[in-house]
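Step one of this worksheet: look at the structure below.
The values are calculated or read from the model by the stated rules, or taken from the named source; none is laboratory data. These figures come from a predicted structure and were not determined experimentally. Note that we place each Cβ from the backbone using ideal geometry, even for glycine, and neighbour counts take in every protein chain shown.
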Amino acid sequence: MRTTRVLKGSIRSRRHHGKVMVRLLALLIAVLLTGYVVHASPLATEYRLTFRNRGGAHWLAYLDTDGNAHTGYPIQSTGADYLLLDDALFRYSGDGSTWEWSPTACIVSFQSGRVASWQFAVSCTGASTDHPVVFQSQNASWAIVFTSPPLMTRNFALDYQEPPLYSIAFTSHEFFTSTIDPFRDRLEVFIDTDQDPSTGCDTGKIGAEVLLSFYVDADGQGHQEIYRYAADDRSCSATGEWLRVYSPKDDTVVWEISSAILRDPPNTYHFQRLDDWTVVYESEAFADPDHTVAHAEPPVYHISLTSYPYFTLFPVDAFKDRLDVYIDADLDPSTGCEVGTLGAEFRLSYYEDPDGRGQQEMYVYPSDDRTCTASGQWLGEYTPQNNTVTWKVSSTLIGDPPKWFVFERVNDWNVVYSSPEVQTDGYTVHFFEPTAPYFTHHAYVPVVRTR
């Protein structure tokens with residue numbers, strides 16, 4: 001009897017637990033079914049698209065309704081089958097490379113402005129599922145202002161905020177006050193977006209993923225370009241993409257670039273100016289944590305020497321006949337190359353090669369180089385104008401005014417003219433070698449100082 005009771009109790013216990021498990025399973029199934037019934041929404045019958053943007057004159061939305069990048073108009077790695085252009089819907093009718101769109105009879109509710117929105121029937125496109133959309137804003141001249149990356153609708157709805165805009169400014173008084181050679185003279189900004197100097201275009205200072213460039217065409221119209229470098233493009237071989245026509249103001253170029261291209265800050269920047277494809281100024285690399293970046297090229301000295309005797313009275317002996325300018329940058333006569341009572345840290349030199357082509361050099365003297373032994377650094381070819389040589393030297397190299405100068409003419413390595421010391425408080429210095437000794441009857445006694 002005792003055993004039987006235990007057996008019966010065990011059976012009752014099992015039956016009880018079994019009923020509980022069945023009820024729990026039924027409840028779980030009911031909850032799951034109820035969840036789907038309560039929370040699932042029927043497929044929407046209307047598109048609701050919102051594009052929060054920084055402004056424009058026209059607003060576009062490209063719809064890749066079949067999700068196939070190989071059909072429709074190619075944009076941002078998608079194939080757009082339909083286009084919303086302001087308040088109208090168009091169907092693509094091109095061959096995959098042409099800009100051809102046919103109007104539809106669809107009625108679109110459209111709101112323009114910084115919060116552009118569209119509402120219209122899904123049946124207008126025949127889409128059966130969510131698909132990619134690309135937003136775009138254009139200005140009054142139909143130039144592209146911003147293009148979004150591909151975005152995916154959710155139940156045919158999409159609300160997108162345009163990322164912050166970078167404003168990158170480069171001021172160069174020297175660029176805009178000199179004669180600009182179309183296409184070949186440029187202002188450029190290299191940008192390292194991944195903070196990795198071993199990837200992208202190797203500028204010698206950073207590894208750039210992006211280059212912004214400004215140039216002037218043959219008609220004097222300014223243009224902006226962008227170059228995008230792959231991680232392994234160390235030789236900077238990417239082709240430029242034209243951005244827009246641009247008119248500088250106050251000797252300043254401003255590029256406005258979406259952070260969708262440059263990523264979020266910080267980025268590292270390297271600014272430079274090109275003259276005939278040659279870098280004549282470059283900044284140090286610097287990181288900036290903001291979306292607004294500005295750099296101004298420091299002032300440039302224009303140091304000129306006019307010498308009628310050098311260019312007109314005597315044949316020029318290649319290399320050995322020169323025009324020189326000594327610069328005391330620290331205003332200390334006891335340091336640098338000793339030139340009379342001047343202590344020069346720099347020397348600018350002009351000479352002609354055997355082919356008659358003018359060349360410019362620069363010598364940099366350490367503070368203890370009293371005998372002027374430093375070697376010259378070639379600056380480039382130069383063609384004098386009106387018996388005058390002008391050297392352009394950045395103030396980042398020799399510092400801001402005041403400075404002391406001595407101008408000299410050298411014949412067969414002998415100094416035949418040396419000016420008195422000239423002080424300047426500005427960035428423009430122009431000295432004229434006197435011509436009187438060559439047109440008077442009294443003897444002219446040159447200063448003979450052999451280098």
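The condition (being surrounded by 18 or more Cβ atoms within 10 Å (Cβ to Cβ), without any contact (Cβ under 8 Å) to a residue 24 or more places away in the chain and touching a Phe, Trp or Tyr at 6+ places or on another chain (Cβ under 8 Å)) is satisfied by just one residue among 188, 162, 225: 225. Screening the candidates 141, 172, 198 for the property of being assigned by TED's automatic domain parsing to the domain that holds residue 87 and either crowded, with 21+ Cβ neighbours inside 10 Å or farther than 29 Å from residue 66 by Cβ (or both) yields one hit, 141.
Results for (1) acidic (Asp, Glu); (2) more than 18 Å from residue 197 (Cβ to Cβ); (3) within 13 Å of the chain's Cα centre (by Cα), shown as yes or no for each residue.
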| position | (1), (2), (3) |
| --- | --- |
| 250 | yes, yes, no |
| 256 | yes, yes, yes |
| 261 | no, yes, yes |
| 269 | no, no, yes |
| 277 | no, yes, no |
| 295 | no, yes, yes |
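Restricting attention to region 147-157, does a residue exist that is at pLDDT below 95 and either within 19 Å of residue 300 (Cβ to Cβ) or crowded, with 20+ Cβ neighbours inside 10 Å (or both)? Yes - at least one qualifying residue is present in region 147-157. Taking region 66-80 as the range and being surrounded by fewer than 22 Cβ atoms within 10 Å (Cβ to Cβ) and in a loop (DSSP other than H, G, I, E, B) as the test, the residues that pass are 66, 67, 68, 69, 70, 71, 76, 77. Within region 137-158, the only residue that satisfies the criterion of being assigned to a strand (DSSP E or B) and aromatic (Phe, Trp, Tyr) is 146. One residue stands out among those in region 264-287 that are over 30 Å from residue 379 (Cβ atoms) and surrounded by fewer than 17 Cβ atoms within 10 Å (Cβ to Cβ): the one that is modelled with the lowest pLDDT, which is 264.
Here is a yes/no grid of residues against (1) of a type in the set (A, V, I, L, M, F, W, C); (2) in the same structural domain as residue 278 (by TED's automatic domain parsing); (3) at pLDDT 95 or above:
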site: 358; (1), (2), (3): no, no, yes
site: 363; (1), (2), (3): no, no, yes
site: 367; (1), (2), (3): no, no, yes
site: 370; (1), (2), (3): no, no, yes
site: 376; (1), (2), (3): no, no, no
site: 390; (1), (2), (3): no, no, yes
site: 406; (1), (2), (3): yes, no, yes
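The strands (runs of 3 or more DSSP E) located wholly in region 276-336 that include 3 or more residues which are among the hydroxyl-bearing types (Ser, Thr, Tyr) occupy 300-306. Within region 241-283, the set of residues being touching a residue at least 12 places away in the same chain (Cβ under 8 Å), under 30 Å from residue 360 (Cβ atoms) and hydrophobic (A, V, I, L, M, F, W, C) comprises 253, 271, 274, 277, 280.
Taken as a whole, the condition of being out of contact with any strand residue (DSSP E or B) (no Cβ under 7 Å at 6 or more places or on another chain) and either modelled with pLDDT of 95 or more or surrounded by fewer than 17 Cβ atoms within 10 Å (Cβ to Cβ) (or both) applies to residue 127.
As a summary of the residue check, residue 122 satisfies the conditions (1) more than 30 Å from residue 218 (Cβ to Cβ); (2) surrounded by 18 or more Cβ atoms within 10 Å (Cβ to Cβ); (3) not assigned by TED's automatic domain parsing to the domain that holds residue 249 except for the one numbered (2).
Every condition in (1) assigned by TED's automatic domain parsing to the domain that holds residue 52; (2) surrounded by 15 or more Cβ atoms within 10 Å (Cβ to Cβ); (3) touching a residue at least 40 places away in the same chain (Cβ under 8 Å) holds for residue 115 except the one numbered (2).
In this structure, residue 110 qualifies as among the aromatic types (Phe, Trp, Tyr), within 37 Å of the chain's Cα centre (by Cα) and over 20 Å from residue 67 (Cβ atoms). A Cβ distance below 8 Å, combined with a sequence gap of six or more or placement on separate chains, defines the contacts here; from region 206-218, residues that are more than 18 Å from residue 257 (Cβ to Cβ) reach residues that are surrounded by fewer than 22 Cβ atoms within 10 Å (Cβ to Cβ) and small (Gly, Ala, Ser) in the pairs 207/198; 216/222. Residues in region 328-356 that are out of contact with any strand residue (DSSP E or B) (no Cβ under 6 Å at 6 or more places or on another chain) and of a type in the set (Val, Ile, Thr): 341 alone. Do you know which residues across region 175-190 are touching a Lys or Arg at 6+ places or on another chain (Cβ under 7 Å) and not in a strand (DSSP E or B)? Once the filter is applied, which keeps residues that are touching a Lys or Arg at 6+ places or on another chain (Cβ under 7 Å) and not in a strand (DSSP E or B), region 175-190 yields only 175. If the condition is being in a strand (DSSP E or B) and under 19 Å from residue 113 (Cα atoms), then region 39-65 contributes 47, 48, 49, 50, 51, 52, 58, 59, 60, 61, 62.
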